[in-house]
Amino acid sequence: MELEKLLFTKEHEWVRLEGDSAMVGITDYAQHELGDVVYVELPGLGKELKKGDPSANIESVKAVSDVFAPLSGTIIEVNPKLAANPELVNQEPYSEGSLFKMKIKQPDEVKELLDHKKYEEYLRGIAGE
Amino acid sequence: MSPLPDLIFEISREGKTAHGLGASRVQSKPAIDPGLLRTAIAGFPQVSEVEIVRHYMALARLNYSLDQGLYPLGSCTMKYNPKINEKLAASEEFQAHPYTPHELVQGNLELMARLEEWLVALTGMAGFTCAPAAGAHGEFTGMLIVRKYLKEKGDPRRVVLIPDSAHGTNPSSAHFAGYEIREIPSNAEGIIDVEGLRPFLKNDVAALMMTNPNTLGIFEKNITAIADALHANGSLLYMDGANLNALLGIVRPGDLGVDVMHINLHKTFATPHGGGGPGSGPVGVAAHLLPYLPVPRVVKDGGKYGVVFAAPHSIGRIKNFYGQFLVMVRALAYLCSLGRENVRQVAEDAVLNANYLRKKLQDVLDLPYPTATLHEVVFSDKNLPVKTLDIAKRLLDYGFHPFTIYFPLIVHGAMMIEPTETESKETLDEFIAVMKKILLEAREQPDLLLQAPRQTPVRRLDETLAARQPVLKWHKGENR
């Protein structure tokens, strides 16, 4: 997985653009902060989300956390493996542990996402706090 | 030998029994065809009376309770529960069937009415219902009141705002009542301010649910300005009063512009809780919401107490019968034994104890929000060589129940400590000494923490495996 090709949010979601769709997951930093993931609740197919809406729910041994939609759009695919193997989110956050794919509704919003370099800088900022 | 007692199913032996009833001497025609009756229940444990007693005593000895020691779970207010409350709750005079005619239970009804009067006096709200059976049930009831009120005003709204430092049940209670949730970020001080709230205050906002003092233990000092901003927007202010212990006798939420609130009798007013239950989450409302309180309501008519079962604007029933009556008995017993003039000392001592811990531990633990705190203090695991979980597990080896960990979520590796007013300075000093020792161990012998607990009946449990593959049933012949 080439991280340089991904886009990120400050809420620690990653986005991989695939034409007019976007694959979405949580970052390695996020999975590490959450701890062992024990359950993932994914949105229903066809669900329409606005950027910033709670989309998925990730339950770890520490807490239950919302995953916010990084872009506005419609859910067209969810990762079927997570129901039986939620630990994929910890093990392979950028590939096998991705969450869902959405059809992008407002392509303009893509510009608001961070590139890999900016996200890394943002993480360094958090660590230095 | 395992320090854990065997399961009652494992000590079961065919044919053993605690009591034999013998053959009936009464001649009767069987009501059910004997061919359809079963003579044994498959898998039912067969043990003698003394084995039953010893089995449950062995389980009871594994328990840890406030009667044994400090229980500093943040935001849980695990205070010591005076035994007089239990004595009164167990007294025969208060035991009544809920269908007993009201003229025969005037004392019970008076007790409910007097408790409501106490709660009104302590909070400055216009009226209370004691029907909700727990804190979250109170939140839900409060939000149903908000919903009905706004709907009848012809302005139903969709959104409830909740700060990120609120109790975790608030979003689910509001969602359950049919609302969409928006989270409000705390400012650098760890509280909400009007400027931060303003962008969220649209005309679809039904209410803001604010926990005060919040889960960082910080008093939301902008609450009156926030109440004004909400009211100007046609929205209501809900206050989660589960942390009322910090305010008792000092601040009345009703004077701050709160429209609806709940409190927890089982936290603030000394009823055992945390797995035991039952709880009680009374809801208080300002005058304009009085007609919406749930039924039944206890009312005084002339010299007698009665019960109103229907009211035109009421949200209706939210619980069978009258709520957790014996918890109300405990709460009133607690208040009467304190006396009105001493209630304030509860809050003063709770705040003093928490600040004593804060002062003594802030040199060895990171304090993420330096703002003054009330009844609890939240540290982070920043700059520590181990995780919060390791410290909590090591505390078990020293015989203390750990504090709340990893909550609130806005603090990294949160350690949320609430000693309550009932702990002595000696106990707090002992806890502080143990914490300092553990933090020293963390640097010099981290394995002591990483392998903790060592002194408990079971060592560190695999919480991840338990959550991913829960085994909830034991089958004969299986390894446990």
Would you tally the residues in segment B:38-64 being out of contact with any Lys or Arg (no Cβ under 8 Å at 6 or more places or on another chain), in contact (Cβ under 8 Å) with a residue 60 or more places away in the chain and not aromatic (Phe, Trp, Tyr)? 1
With the structure loaded, tell me whether B:Asp397 is within 14 Å of chain A (Cβ to nearest Cβ), over 23 Å from the mean Cα position of the chain (by Cα) and not hydrophobic (A, V, I, L, M, F, W, C) or whether it fails that test. no
If B:Ala467 meets every condition in (1) of a type in the set (A, V, I, L, M, F, W, C); (2) within 14 Å of chain A (Cβ to nearest Cβ); (3) in contact (Cβ under 8 Å) with a residue 12 or more places away in the chain apart from one, which number is that one? (3)
Is there a residue in segment B:330-342 that is more than 22 Å from B:Gly107 (Cα to Cα), out of contact with any Gly (no Cβ under 6 Å at 6 or more places or on another chain) and either without any contact (Cβ under 8 Å) to a residue 40 or more places away in the chain or crowded, with 16+ Cβ neighbours inside 10 Å (or both)? yes
Go over the candidates B:Glu139, B:Glu51, B:Glu117, B:Glu86 one by one and state the one that is of a type in the set (Asp, Glu), more than 30 Å from B:Glu376 (Cα to Cα) and either at pLDDT 95 or above or part of a helix (DSSP H, G or I) (or both). B:Glu51
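So that you can scan it fast, the table gives a plain yes or no per residue for (1) within 27 Å of the chain's Cα centre (by Cα); (2) not in a helix (DSSP H, G or I):
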{"residue": "B:Gly306", "(1), (2)": "no, yes"}
{"residue": "B:Asn320", "(1), (2)": "yes, yes"}
{"residue": "B:Tyr334", "(1), (2)": "yes, no"}
{"residue": "B:Glu341", "(1), (2)": "yes, no"}
{"residue": "B:Gln345", "(1), (2)": "yes, no"}
{"residue": "B:Ala350", "(1), (2)": "yes, no"}
{"residue": "B:Ala354", "(1), (2)": "yes, no"}
{"residue": "B:Pro368", "(1), (2)": "yes, yes"}
{"residue": "B:Thr371", "(1), (2)": "yes, yes"}
Do we find that B:Phe407 is among the aromatic types (Phe, Trp, Tyr) and within 14 Å of another protein chain (Cβ to nearest Cβ) in this structure? yes
Test: residue in segment B:92-109 that is in contact (Cβ under 8 Å) with a residue 24 or more places away in the chain, within 26 Å of B:Asn243 (Cβ to Cβ), assigned by TED's automatic domain parsing to the domain that holds B:Gly306 and not in a strand (DSSP E or B): no
When the residues of segment B:410-454 are narrowed to those that are part of a loop (DSSP other than H, G, I, E, B) and within 14 Å of chain A (Cβ to nearest Cβ), which ends up surrounded by the fewest Cβ atoms within 10 Å (Cβ to Cβ)? B:His412
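Per-residue answers, yes or no, for (1) in contact (Cβ under 8 Å) with a residue 12 or more places away in the chain; (2) of a type in the set (A, V, I, L, M); (3) in a loop (DSSP other than H, G, I, E, B); (4) buried (at least 24 other Cβ atoms within 10 Å of the Cβ):
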position	(1), (2), (3), (4)
B:Glu189	yes, no, yes, no
B:Met209	yes, yes, no, yes
B:Asn214	yes, no, yes, yes
B:Gly217	yes, no, yes, yes
B:Lys221	yes, no, yes, no
B:Ala227	yes, yes, no, no
B:Gly249	yes, no, yes, no
B:Thr271	yes, no, yes, yes
B:Gly279	yes, no, yes, no
Name the residue, out of A:Leu42, A:Leu82, A:Leu71, A:Leu113, that is in contact (Cβ under 8 Å) with a residue 12 or more places away in the chain, surrounded by 22 or more Cβ atoms within 10 Å (Cβ to Cβ) and more than 14 Å from chain B (Cβ to nearest Cβ). A:Leu71
Please tell me if A:Leu34 is under 21 Å from A:Tyr122 (Cβ atoms), buried (at least 18 other Cβ atoms within 10 Å of the Cβ), within 12 Å of another protein chain (Cβ to nearest Cβ) and of a type outside the set (Lys, Arg). yes
Scan segment A:12-30 for residues that are within 14 Å of another protein chain (Cβ to nearest Cβ) and within 21 Å of A:Glu77 (Cα to Cα) and report the count. 1
So B:Lys382 clears everything in (1) surrounded by fewer than 17 Cβ atoms within 10 Å (Cβ to Cβ); (2) in contact with an Asp or Glu (Cβ under 6 Å, 6 or more places away or on another chain); (3) closer than 27 Å to B:Ile250 by Cα except one condition, right? Which one? (3)
The listed residue being away from chain A (no Cβ under 14 Å) and either of a type in the set (Gly, Ala, Ser) or outside any loop (DSSP other than H, G, I, E, B) (or both), out of B:Val378, B:Val386: B:Val378
Tell me yes or no: at least one residue of segment A:51-63 is at the interface with chain B (Cβ under 9 Å from one of its Cβ atoms) and of a type in the set (S, T, N, Q). yes
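The values are calculated or read from the model by the stated rules, or taken from the named source; none is laboratory data. For clarity, every value in this text was computed on a predicted model and none was experimentally measured. Heads up, the Cβs are rebuilt from the backbone with ideal geometry, glycines too, and the neighbour counts pull from every protein chain shown.
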